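This report refers to the structure that appears directly beneath it.
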């Protein structure tokens, strides 16, 4: 088994089609609309073994509202340059394939009922893509039946297929054009007290195909918890990790697999602030609270079925679908329908056309989901069992999956949507080799004493002032 012989890995691992490296805190630019903010909070220089290199994304020009006669021509010229640069960045295959689309939607449909089970009456936010990405890395780290169970849960044929899908999805979805952002970031955090116990080939594959940075930290310390939190804070533009640690590691943690997702987009047709009014929102327990509601009316497609109605608001990076259950129908009950997500299709005979009168509360919701039971219900049963887990693709130590959780947050206001999620998979050792708590350097390069004894009886005592 190939292992890292020291924690001094090769510098940056080459990533095809990439140009601009992730910045240190000193290099971080001002907020450019993506996950580049929070300057001064993230400095990986002391623990980074390798870092992904992100492409330099072309910046979308701002549509002129008014100005000199040549403003529109200048905008069109800048926009054509932007689209040309974007096409060059995306390459010959710039869109998600039908197979990738089917796989991701099938995983979402399969996992949503499992992950959100038991959340009745609570706020809950779940990112299937963040969990999918974290599980793809976990499959790369596992072997044998442990790997096969992850592949089955994801509906994947092989880790080679996951490598290809992950790399293509990253290039296809990655957006950071100054106005909108969609950034999927991956990382693996290794216990710096376990030098020589990690498989370098696996770390190389995580970097090359999953754009995963590799970092080394002393697990079980405030330092480890803080630098992981700072990474999450930076990747999610402060939505997650800015107010509390995202992990509390223990000394026996072997590795953390962390996958974050950040999304920011404005409405194509913004709500006007002067139409925002306070009104009553009734929660799941029947309690009434006064909140700000945004209002507008538009002609659009909508869906009306037994149990609910649905409509969508377009953003500059996709859309946001809102589903309103009928009175007496819980949102969680709708999500238990296997084909519910697939049926939210706003084209064809299923959709109606008419006037949609929007009244949307401004909201900022977050959740902290324990994923372990959901993973077991998805068929991943060996990895959480320390007697059966096989993570030999990552380490030659006996290890198992001890924790899986996802933190998520979504903010909606008159301007648009900002959302983030981070999935954290914790790998622990079943028995760690004893680690020294302090370091003593015995460099006998000056006069010293020695003692020779048997059964605590001193036999010789000496002083060495000279060595020949």
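Here are the numbers:
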quantity	calculated
Positions within the range 159-181 being under 17 Å from residue 101 (Cα atoms) and not in a helix (DSSP H, G or I), in sequence order	174
Those residues of the range 353-387 which are over 30 Å from residue 243 (Cβ atoms), buried (at least 16 other Cβ atoms within 10 Å of the Cβ), in contact (Cβ under 8 Å) with a residue 60 or more places away in the chain and over 27 Å from the mean Cα position of the chain (by Cα), in sequence order	358
Long-range neighbours under 7 Å by Cβ, at least six apart or interchain, first residue under 21 Å from residue 358 (Cα atoms) within the range 322-335, second at pLDDT below 90 and part of a helix (DSSP H, G or I)	323/334; 325/331; 325/334
Boolean, residue 174 is within 26 Å of residue 343 (Cα to Cα) and touching a strand residue (DSSP E or B) at 6+ places or on another chain (Cβ under 8 Å)	no
Helices (runs of 4 or more DSSP H) completely within the range 65-145 that count 1 or more residues being in the same structural domain as residue 161 (by TED's automatic domain parsing) and at pLDDT 90 or above	98-115, 128-141
Answer from 178, 220 - the residue that is under 27 Å from residue 86 (Cα atoms) and more than 19 Å from the chain's Cα centre (by Cα)	178
Search result, residues across the range 163-183 that are under 23 Å from residue 420 (Cα atoms) and in contact with a helix residue (DSSP H, G or I) (Cβ under 6 Å, 6 or more places away or on another chain)	165, 166, 167, 182
Matching entry among 300, 285 (being under 30 Å from residue 324 (Cβ atoms), in the same structural domain as residue 341 (by TED's automatic domain parsing), assigned to a loop (DSSP other than H, G, I, E, B) and at pLDDT below 95)	285
Residue under evaluation residue 335, criteria (1) over 25 Å from the mean Cα position of the chain (by Cα); (2) within 28 Å of residue 239 (Cα to Cα), criterion not met	(1)
Hits in the range 49-63 - residues which are over 30 Å from residue 198 (Cα atoms) and surrounded by 15 or more Cβ atoms within 10 Å (Cβ to Cβ)	57, 58, 59, 60, 61
Qualifying residue in the range 336-352 (condition: touching a residue at least 60 places away in the same chain (Cβ under 8 Å), part of a helix (DSSP H, G or I), under 25 Å from residue 422 (Cα atoms) and not assigned by TED's automatic domain parsing to the domain that holds residue 123)	no
Selected residue (only one of 424, 380 is at pLDDT 95 or above, touching a strand residue (DSSP E or B) at 6+ places or on another chain (Cβ under 6 Å) and in the same structural domain as residue 187 (by TED's automatic domain parsing))	424
Subset of the range 157-201 [modelled with pLDDT of 90 or more and over 30 Å from residue 237 (Cβ atoms)]	157, 158, 159, 160, 161, 198, 199, 200, 201
Condition broken by residue 316, with the remaining ones in (1) more than 30 Å from residue 59 (Cα to Cα); (2) surrounded by 14 or more Cβ atoms within 10 Å (Cβ to Cβ) satisfied	(1)
Of all residues making up the range 191-241, the number that are assigned to a loop (DSSP other than H, G, I, E, B), in contact with a helix residue (DSSP H, G or I) (Cβ under 7 Å, 6 or more places away or on another chain) and within 21 Å of residue 398 (Cα to Cα)	1
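For (1) in the same structural domain as residue 419 (by TED's automatic domain parsing); (2) within 30 Å of residue 311 (Cα to Cα); (3) in contact (Cβ under 8 Å) with a residue 12 or more places away in the chain, each residue gets a yes or a no:
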residue: 205; (1), (2), (3): yes, no, yes
residue: 211; (1), (2), (3): yes, no, yes
residue: 216; (1), (2), (3): yes, no, yes
residue: 233; (1), (2), (3): yes, no, yes
residue: 246; (1), (2), (3): yes, no, yes
residue: 280; (1), (2), (3): no, yes, no
residue: 290; (1), (2), (3): no, yes, yes
residue: 293; (1), (2), (3): no, yes, yes
residue: 296; (1), (2), (3): no, yes, yes
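Residue-by-condition table, conditions (1) over 22 Å from the mean Cα position of the chain (by Cα); (2) free of Cβ contacts under 8 Å to residues at least 12 places away in the same chain; (3) surrounded by 22 or more Cβ atoms within 10 Å (Cβ to Cβ):
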position: 101; (1), (2), (3): no, yes, no
position: 114; (1), (2), (3): no, no, no
position: 117; (1), (2), (3): no, no, no
position: 135; (1), (2), (3): no, no, yes
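The values are calculated or read from the model by the stated rules, or taken from the named source; none is laboratory data. Fair warning: this is a prediction, and the values are worked out from it, not measured in the lab. Ideal geometry is used to build each Cβ from the backbone, glycine not excepted, and the neighbour counts take in all protein chains shown.
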